[in-house]
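The values are calculated or read from the model by the stated rules, or taken from the named source; none is laboratory data. Not measured: the values here are computed from a predicted model. With ideal geometry, Cβ positions are generated from the backbone for all residues, glycine too; neighbour counts draw on all protein chains shown.
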Amino acid sequence: MSELIEVFTKDGSYSLRSTLFQENFHSLLGALEETKIKFTAPSDLQRFKGKSLNVLDICFGLGYNSASLLNELIKQKSHLNWYALEIDKKPLEYVLKNKSFQNLWSPKVKKIFLSLNQNDYFEDEFFKCRILWGDAREKINIIPADNKFDIIYLDGFSPQKCPQVWTIEFLSKVTQKLNHQGYLITYSSSAAVRKTLRNLGLEIFTIKPSLDSKTSWSWGTVAIAKFDKNKLKPNLNFKNLSLMEEEHLLTKASIPYRDKDLNSSTEDIIKKRLNEQLSSNLLSTKKWREKWGMTKSAFKS
Ligand SMILES: C[S@@+](CC[C@H](N)C(=O)[O-])C[C@H]1O[C@@H](n2cnc3c(N)ncnc32)[C@H](O)[C@@H]1O
């Protein structure tokens, strides 16, 4: 775990920091809290009570998002077909030694994680789970084409640190895996990511921050495929983008990350985008920030 450092977050849950990506796996306010509000709540899992669903977890990491999902589905007796993509086995090995993490969930979650660690696989009467180790850009191709997902979690490091999982080309592959009315859920409210998802034909929504959140105007994005307003059940956790968020998508911040052959380095993707931004006529992001009285630290792009 040389490039991973243990982090204790404010809600009492453990996380990691990657010195390679120079970023924490979770907000310091709380790893568990972040999972619940940015991933589990918008998933609206009660829809699948006693039914079956397909879920894809991209950038599994320590597995908070999937552990929380599994925990809920165990309680409500749903059937699950689950895939995960992750490049590094060390975060899973870490949580399998961390009692405090395990105590957050039903004992069955540990059983599943142990099996994923040993066999990359778990199966019983309710759950069929498979984790694919390696670069998500490549491993996503292994998932059978007819496997479409009701929920996809996208939890990579931020676009500036790990642009590989936020490019037009990768997001296009991801959105092809969404079921009708399937939800793609991410903590990111980056204009580039949102604009890309919208251009790929998805309807995008903002995850509402709590009323007492002073530092954040959004807790992420839910993108819905083949959107049919009549079929969408009211969800208290997300809503249409505000005018401020819509205008964000008209600025240079909305210029996408590109990775033509899905094998570019971080540096190449960032450099290409910077050049595109320099020659673009779009509104400057600084002007947008000034108009809406925003400091740079108030948002994570
Ligand atoms: C922010 S952390 C994920 C946190 C995680 N979802 C959780 O609940 O703990 C980002 C993860 O992305 C993984 N990652 C980075 N680049 C990747 C890639 N190209 N393909 C797959 N996984 C990648 C990292 O190893 C790290 O575990």
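Across the stretch 37-87, the qualifying residues are those that are under 11 Å from I131 (Cα atoms) and acidic (D, E), and the one among them that is nearest to the ligand (Cβ to nearest atom) is E86. List the number of the failed condition for K51; all other conditions in (1) modelled with pLDDT of 95 or more; (2) within 26 Å of P159 (Cβ to Cβ) hold. The single condition K51 does not satisfy is (2). Filtering the stretch 241-290 to residues that are under 17 Å from S158 (Cα atoms), in contact (Cβ under 8 Å) with a residue 12 or more places away in the chain and of a type in the set (A, V, I, L, M) leaves A253, I255, I269, I270.
Being among the basic types (K, R) and near the ligand (Cβ under 9 Å from one of its atoms) narrows it down to one residue among K128, K139, K108, K99; which is it?
On the way: K128 fails: near the ligand (Cβ under 9 Å from one of its atoms); K108 fails: near the ligand (Cβ under 9 Å from one of its atoms); K99 fails: near the ligand (Cβ under 9 Å from one of its atoms).
Criteria check complete, one pass: K139.
The single condition among (1) surrounded by 19 or more Cβ atoms within 10 Å (Cβ to Cβ); (2) assigned to a loop (DSSP other than H, G, I, E, B) that F21 does not meet is (1).
So that you can scan it fast, the table gives a plain yes or no per residue for (1) under 29 Å from Q164 (Cβ atoms); (2) under 15 Å from the mean Cα position of the chain (by Cα):
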| site | (1), (2) |
| --- | --- |
| K49 | no, no |
| N54 | yes, no |
| C59 | yes, yes |
| Y64 | yes, yes |
| S78 | no, no |
| N81 | yes, no |
| E86 | yes, yes |
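Can you tell me which of G61, G50 is surrounded by fewer than 17 Cβ atoms within 10 Å (Cβ to Cβ) and in contact (Cβ under 8 Å) with a residue 12 or more places away in the chain?
Numbers: G61 fails: surrounded by fewer than 17 Cβ atoms within 10 Å (Cβ to Cβ).
When all the criteria are applied, what remains is G50.
Give the residues of the stretch 25-36 that are part of a loop (DSSP other than H, G, I, E, B) and away from the ligand (no atom under 11 Å from the Cβ), sorted by residue number. Show your work before the answer.
Residues of the stretch 25-36 part of a loop (DSSP other than H, G, I, E, B): 25-30.
Hits for the stretch 25-36 are L28, L29, G30.
Please enumerate the residues belonging to the stretch 149-198 that are under 22 Å from K260 (Cα atoms), surrounded by fewer than 20 Cβ atoms within 10 Å (Cβ to Cβ), away from the ligand (no atom under 15 Å from the Cβ) and in contact (Cβ under 8 Å) with a residue 12 or more places away in the chain. Residues satisfying the conditions are I168, S172, T175, R198. Going by the structure shown, is S15 within 12 Å of the ligand (Cβ to nearest atom), within 16 Å of K128 (Cα to Cα) and touching a residue at least 24 places away in the same chain (Cβ under 8 Å)? Answer is no for this residue. Taking each residue of the stretch 19-38 that is under 19 Å from Y94 (Cα atoms) and looking for partners that are more than 12 Å from the ligand (Cβ to nearest atom) with beta-carbon atoms closer than 6 Å, six or more apart or interchain, yields G30/K10; G30/D11; L32/D11. Residues in the stretch 96-131 that are in contact (Cβ under 8 Å) with a residue 60 or more places away in the chain and surrounded by 16 or more Cβ atoms within 10 Å (Cβ to Cβ): 3 in all. A search for C-beta distances below 6 Å between a residue of the stretch 132-146 that is surrounded by 13 or more Cβ atoms within 10 Å (Cβ to Cβ) and any residue that is at pLDDT 95 or above and of a type in the set (S, T, Y), counting only pairs 6+ apart in sequence or on different chains, returns I143/Y83.
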